[in-house]
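The values are calculated or read from the model by the stated rules, or taken from the named source; none is laboratory data. A quick note: this is a predicted structure, and the numbers were derived from the prediction, not measured. With ideal geometry, Cβ positions are generated from the backbone for all residues, glycine too; neighbour counts draw on all protein chains shown.
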Amino acid sequence: MSSEPNTLSVRPEAPRDYHAIHTLVTAAFGRESEAKLVRLLRADADAYVPELALVAEEGGEIIGHVMLTNATLHGDEDWRVLALGPLSVTPGRQRKGAGIALTEAALELADARGDRLVVLLGHPAYYPRFGFEPARGRGIEPPSEEMPDAAFMVKVLSKYEERYQGRFEYAPAFGQV
């Protein structure tokens, strides 16, 4: 990991990063609700996956953050799957590759761990570049009918099987913000 200017690196978050993460998530969204969500997810031992909570650093400064957390897919049986979000990049550093680097690194790590799929509610013009597609097309229903189909997406990973269908449920923290 280099701390040279203009060198972007991605690594797992550490407790020493929490304050900087809170600040950047708040700035990226222009409100504190997503920063609160990050804190709540981190505090939930069933949801939090430390190796899938990543920061992007540039010049020794944390400029981006993403989390993949445990979620449930209720179908013929209950499967543990992952949810992506929030993804945050410091204003002024957006559209310069940090979000792409974070998302790609998180998805690669999840696939290497043997996870089956990743679900998100996100911008339909941004996430398809990573292989995300409308979740309903894979038989995955949103937790709420109010979620727009175009924004409720899934990325299938190497261990995905067609039988992974049903209603998606986020970790409880998502309902607390």
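Residues in the stretch 137-177 that are loosely packed, with under 15 Cβ neighbours inside 10 Å and either in contact with a Phe, Trp or Tyr (Cβ under 7 Å, 6 or more places away or on another chain) or of a type in the set (Ser, Thr, Tyr) (or both) were compared, and the one that is modelled with the highest pLDDT is 158. Number of residues in the stretch 114-127 that are of a type outside the set (Ser, Thr, Tyr), free of Cβ contacts under 8 Å to residues at least 40 places away in the same chain and surrounded by 14 or more Cβ atoms within 10 Å (Cβ to Cβ) equals 4. Inside the stretch 130-177, residues that are of a type outside the set (Gly, Ala, Ser), closer than 17 Å to residue 110 by Cβ and assigned to a helix (DSSP H, G or I) make up a count of 2. Of all residues in the stretch 9-26, those satisfying the criterion of being assigned to a helix (DSSP H, G or I), in contact with a strand residue (DSSP E or B) (Cβ under 8 Å, 6 or more places away or on another chain) and not charged (D, E, K, R) are 20, 21, 24, 25. The combined condition, being assigned to a strand (DSSP E or B), surrounded by fewer than 15 Cβ atoms within 10 Å (Cβ to Cβ) and free of Cβ contacts under 8 Å to residues at least 40 places away in the same chain, is not fulfilled by residue 31.
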